[in-house]
Amino acid sequence: MTDTTYQDRAWGTLRLVYGLVPLLAGLDKFFNVLTQWDQYLSPEVVQILPVPAPVFMGVIGMVEIAVGAAVFSRWTKQAAYLAAAWLGAIALNLATTGTHFDVAVRDVAMAAGAYALAQLTAARETNKVRSHESLDPAEVILTHL
């Protein structure tokens, strides 16, 4: 296999993860099936919110859905940079809760992965190896089986 094939697989895997995870987590902000999301809000943040925490989490969910959808669009690079910054902000919020340091560390690692996706996308654009739409998420799954 060529280096390009490995790079395409890495890019496709990251694109799939950073597209699906924000979409699903964003949707779950409305249903709280995975967890009760507002427990992760820092008490300092809750005090300054102009709306109740569940309403705020709904807004957060809409932003996450938009970011996930954008990762699957032609704006993968920009969405990945946004996801990296967003995850960094979440980690900072979690660090101030005093109780969710494990999740904060995980979000820092996820921010690094989102940054890697942005960088791989930039490399693809620079090298004009393939267009953004050339490797769809289903193809990534099938190539890894």
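The table below gives the values:
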item	result
The range 80-102: number of residues that are among the aliphatic types (A, V, I, L, M), more than 14 Å from the chain's Cα centre (by Cα) and either under 19 Å from L23 (Cα atoms) or surrounded by fewer than 16 Cβ atoms within 10 Å (Cβ to Cβ) (or both)	1
Answer residue from the range 1-44, given it is free of Cβ contacts under 8 Å to residues at least 60 places away in the same chain and of a type in the set (G, A, S) and is farthest from I65 (Cα to Cα) among those	S42
Criterion: over 11 Å from the mean Cα position of the chain (by Cα) and among the aliphatic types (A, V, I, L, M) - qualifying residue of L24, L14, L41, L20	L41
Some residue of the range 122-135 being at pLDDT 95 or above, assigned to a helix (DSSP H, G or I) and more than 22 Å from A10 (Cα to Cα)	no
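The values are calculated or read from the model by the stated rules, or taken from the named source; none is laboratory data. None of the values given here were measured: they were computed from a predicted structure. Ideal geometry is used to build each Cβ from the backbone, glycine not excepted, and the neighbour counts take in all protein chains shown.
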